[in-house]
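Below is one structure; the comments refer to it alone.
The values are calculated or read from the model by the stated rules, or taken from the named source; none is laboratory data. Bear in mind the structure is a predicted one, so any value in this text is a computation, not a measurement. Neighbour counts are summed over all protein chains in view; Cβ atoms, including those assigned to glycine, are modelled from backbone coordinates with ideal geometry. Just the protein is used for accessible areas: all its heavy atoms, side chains included, with ligands, DNA and RNA removed. Shrake-Rupley method; radii C 1.70, N 1.55, O 1.52, S 1.80 Å.
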Amino acid sequence: MGTNRDLRAGENAVHYARLYAAVFLVSAMGIAYQIVLMRVFSIAQYHHFAYMIISMAMLGFGASGTLLVLLRARVRTREPRLFSTCVLLLAISLPGCYAASQHVPFETFELVNQRVQLWYLLLLYVLLAGPFFLVSTCITLGFFLAPRSVGQMYGVNMLGSGAGALALVGMLFVWDPALAPYVLTVPTAVAYLLSVPGRPWGALRGAIAVLGACLLAYAGPHTPVRISQYKGLSYTLQFPDAKMVGQEVSPLSRITAVSSSMLRETPGQISNYPMGELGKLSAQIGLFFDAGAVSPVHRFTGDLDLFRFLDYTTGAAAYRLVEHPHVLVVGAGGGTDVLAALMQGASHVTAVEVDPKVVQFVQDDLRAFAGGIYARPDVTVNVADGRGFLQAHETRYDLIEIALLDSFNASAAGVHALSESYLYTVEAVELYLSRLTDHGVLAITRWLKTPPRDTLKMFATVVAACERAGMEAPDRHLVFLRSWNTGTILVAAQPLTPARIAAVRSFCESRWFDLCWLPGVTPEEVNRFTVLEAPMHYEFARAVLSETREQTLAESLFYLYPATDDRPYFFRFFRWTSLPALLRGMGLQWAPFVEWGYIALLATLVQGAAAGTVLILLPLIVLSREPLVPKAKRWVAGYSLALGLAYMFLELAFIQRFMLFLAYPVYAVAVVLTAFLIFSGCGSLLTHGLREQRARAIAWAIGGMLLLAVGYLLLLPPIFQACAGWPDAAKIALSIALLAPLAFLMGMPFPLGLQLISDHDETLLPWAWGINGCASVIGASLATVLAVHFGFRLLVLLALLIYLAAASAMAGLERTLNTPTLGTSIKS
C-alpha cells in the first residue's frame, strides 16, 4: 500500500511539474507575442496605434474569464483535454492571426474619411484577440487543474511572463519582428507536448507539433509586415531607381537603408543657397526607422566643402557664436550634423547615438559610402542615450547640439503626443547648460508646425531651465530664429555680446531666416522672409520673457507649459478647452493635423472601459443563480479591479523613473519590466504557505508597498543623481535591487485572493481573473492619461490609495466567505 501511495505521489508530482512548465511557457509566449505585435504595428502604422490595437486585443484575457464562467458546467471534468487543446490552438494562432492581420488594409490616416476603416480596425481587434484569449484560458484552466495551488500557479504565470519579456527583447536584436510570431510557435508546441494527455499517442502528437513548428519557423512561409502607404519608406520605394541596400533590426527599431538618386534629405529648409550649387549635393542613402523617420547617410570622399549647403540651415547659426568648437551632437544618426560640425571647423566632434544598429550601418555596412566618417580621429562615437551620456560624463563642450530627432511628417501628424521624451524637459535643458564651457552654446532645433507649437513650447522650456540654472536675465542669453519648416533656439552660457548679436543678425539676413528673439530685436526686424499673418513666434517669446508668461501659457490654443521629468510629455499639445476653437477652424479634419496620439489613447481608454464593463457584467447573469455570488460579488469585483489598476499604475510610474536612470531604453524596458514580473512571481509563490495568515499577509504586503513607494518618491532622485556616473552593469544591478522588494510585495495580494475564492467555490475564479485582466488593460491607458495630466508622483499616490481600497475589499470578502450560513449553503 505504501508503495502504491508513493507511486501515485510521484505521478502527481510529475503531472504538476509538467503543468507548471506548460503554464510557464504559455505565459512567456503571451507577453512575448504582445511585445512582438507592438513592434510589428509600430512599423506598419505608428506606435500609438500599435498601443491601441494591442490594448484592445488583450481584452481577450477578460473575454476568456467571461466565457469560462458561462460554460463552467460543461468545462468541469474536461480541464486536462481542454488545456492541451487550447495550447495547440495557441501554437496555431500565433503565426496565423499575425499573418491574417497583415492582409487587413487598415490605414490610420483614413479613419476620419473612410467608414470602412472602422470595420478594418474591428477586424484587427478580433483577429489579434484570439491568441490572448487562448493564453488566458490556459492559465485559468491551470487554476482549475491545481485548485489548492492557485498562488503557485499565478507565480509560475508571472515568472513565465518575465522570462518571456527578457527573451523576446534579446531575440529582437537578431530576428526581424515579422519572423518572431513563427519562432514563438516552437516553445508553444513544446508546451503542448508537456500537456497533451494519453501515452504513447499523446506524446507522438506533441512531438509532431514540435517538429511542425520548427519547420514553420525555419522554412516558412513567413508573412512580411504590411507597411502603411503613408509612411516615408513606402513612397520612397516608389522612386524609379529606389533600391533597398540593407536592413538591421533591434528592439528599438527596424532600420531599412534605401538608395535613390532622388533622395535629398536635409535638416530643414536650405535657404538662399546658390542655385548653381544645388546640383553638387552629394548622393544619399536614407536610413528609415520603422519605415517612418529618415536619417540620411551622405557619400563622403573627404571633401567637406561639398557640404557647404548645411551652412544654410537654421542650426548653422550656432557656429556664428563659437570658433573651432568641441561639439557634442545628440542624435547623430547617419552623420549629417557631424559633417556639418566638421565643415564648420570643429576641433573635435563627440557623436551620441542611442541605436547601435545605426552606428553599425555607418561604421561597417556603409563604410565605403560614408567615407569612414565615424572612424576619423576627430570624431568619437558613443552608443548611448543623449541625456544619460551627459549625466554619466562631466566633460564640458563649446557647443551641444540637439538635432532633429524625428521626421517632419510624423511630427506634424502628432504621432509622438504620448511619447515620453526626457531630452526636452526643464531638468534636461538645465543639465545641458551645466555641461557648457564658459563661452559655450546650446542649440536645439525643432520642426515648425501650423499652428505653431513645438518651438514655442521648447522656448518656454528653455526659459524655465535658464531660470533654474540661476541666469539673472535669460533674455540676454537667448536666440530664436526660424525658416518655413524649422526653428532653432540658441542658449549662450554668457550674456550675448554686441559682436555675437551682430553675427546672428548678419547670418539671418544673408540666409533669409526670420528672427523670433534676439537681445534688442525690434518688431520691424521679425516676420520678414517667411511672412505669417502675425509674428506669433516673436510675440510668444516676448510674453514668456515678461510678467505675462503665465497668462500667455494659460490662454494659448495649445498646451505649451514646459515639460518636466515628472510629466515628460513634451509632445502633448492638446487641451480640451481649445477643442471648440479647433472644430470651428478645421471641422472634423482637425485630428490628423493636431494630435493623433492623444486621440488614440482616449479611444483605447473608452473602448477598453466599454468592452471591459460588458465582460465583467455579463457573467453575473449566470453567477446570480449561485449561492456565493449575491454577497461576495461586489467584494470579488472590487478586489480584482483594484489590484489590476493599482499594479499597472505603479509599474508604469516606476518604469518611467528607472528609464531616466538607466538612460538606455532597451535596458530600462528589459530590466524594469522583467524585474517587476519575476519578483512579483516570487512573491506569488510565497503565498502558498501563507493561506492560514492571509489577512495578515495582505496587510503586511500593502503596508510594505506604501512605505517603499513613498520612500522611493523621496529617495530615488538623489540616489539616481549620486549614481549617474556608474557603469551600466552597476546601474542595472542597483535597479534590480531597488525594484525587487516592491515587486515582491506587489505579487502577493492577488494570488492570496484567488486562493481564498478557490478554497470556497471556484465558480468565481475565472470571473476574478477576467476582471483583473480587463483592469490591467484599462489601467495601462488610464495610467498614461493621468501621468500626462498630473504626473507620475500623483500616479504613485493614487495607486497606493487603490491598494488600500483593495485591502478593504479583501476584508469584506473574508467576512462574507466565512459567514456560517453562507458556507453551509455552498456545501449543500
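Some values worked out for this structure:
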| item | result |
| --- | --- |
| Sequence-distant aspartates and glutamates (8 or more away, or on other chains) whose Cα lies within less than 20 Å of K631 | D759, D761, E762, E814 |
| Area accessible to solvent at Y235, 1.4 Å probe radius, in Å² | 100 |
| Cleavage-rule hits, trypsin sites (Lys or Arg not before Pro), segment 418-515, DSSP coil, Cβ neighbours within 10 Å at most 16 | none |
| Solvent exposure of segment 491-558 as accessible area per residue, Å², 1.4 Å probe | 50 |
| Residue order for V606, V349 - accessible surface, 1.4 angstrom probe, largest first | V606, V349 |
| Residue-level accessible surface for L118, protein heavy atoms, 1.4 Å, Å² | 100 |
| Modelled FRET efficiency - R0 41 Å, W700 with L557, Cβ distances, 0.05 increments | 0.20 |
| Of Q45, A428, V322, farthest towards positive along the dipole that unit charges on Lys, Arg, Asp, Glu beta carbons give the chain | Q45 |
| Positive-pole candidate from F307, V383, S347, dipole of segment 259-401, charges at beta carbon | F307 |
| Additional length obtainable on full extension of the chain from L122 to R815, 0.36 nm per residue less Cα span | 245.2 nm |
| Label point distance in nm, L797-L714, each placed 7 Å from Cα along Cα→Cβ | 1.4 |
| Principal-axis tilt of helix 454-468 within the chain, Cα atoms, nearest 10 degrees | 90 |
| Chain lengthening between E323 and A502 when straightened (0.36 nm per residue, less Cα-Cα) | 62.9 nm |
| Accessible surface ranking that places the most exposed of K731, K633 first, with a 1.4 angstrom probe | K633, K731 |
| The chain, helix-only ellipticity at 222 nm - DSSP H runs n ≥ 4, -39,500 (n - 2.57), divided by all residues, nearest 500 | -18500 deg cm²/dmol |
| Degrees separating the helix 749-760 axis from the principal Cα axis of the chain, which is the longest one | 20 |
| Whole-number accessible area per residue in Å² for segment 739-786, which is evaluated in the context of all protein chains at 1.4 Å | 16 |
| Sequence of V327, V126 from largest to smallest accessible area, 1.4 Å probe | V126, V327 |
| Apportionment of accessible area to carbon and sulfur, the chain, percent (1.4 Å) | 63 |
| Heavy atoms of F790: accessible area, 1.4 Å probe, square angstrom to 10 | 120 |
| Relative contact order (%) - the chain, alpha-carbon pairs under 8 angstrom, separation at least six | 16 |
| The chain: angle of helix 728-746 to the longest principal axis, Cα-based, in degrees nearest 10 | 40 |
| Segment 349-400 shape via C-alpha gyration tensor axes, a/c threshold 1.5 | oblate |
| Pair T522, Q494: separation of 7 Å Cα→Cβ label points (nm) | 2.8 |
| Fraction of antiparallel bridges per DSSP, the chain only, in percent to nearest 5 | 60 |
| Dipole magnitude (debye, nearest 20) for the chain, charges at Cβ of Lys, Arg, Asp, Glu | 2940 |
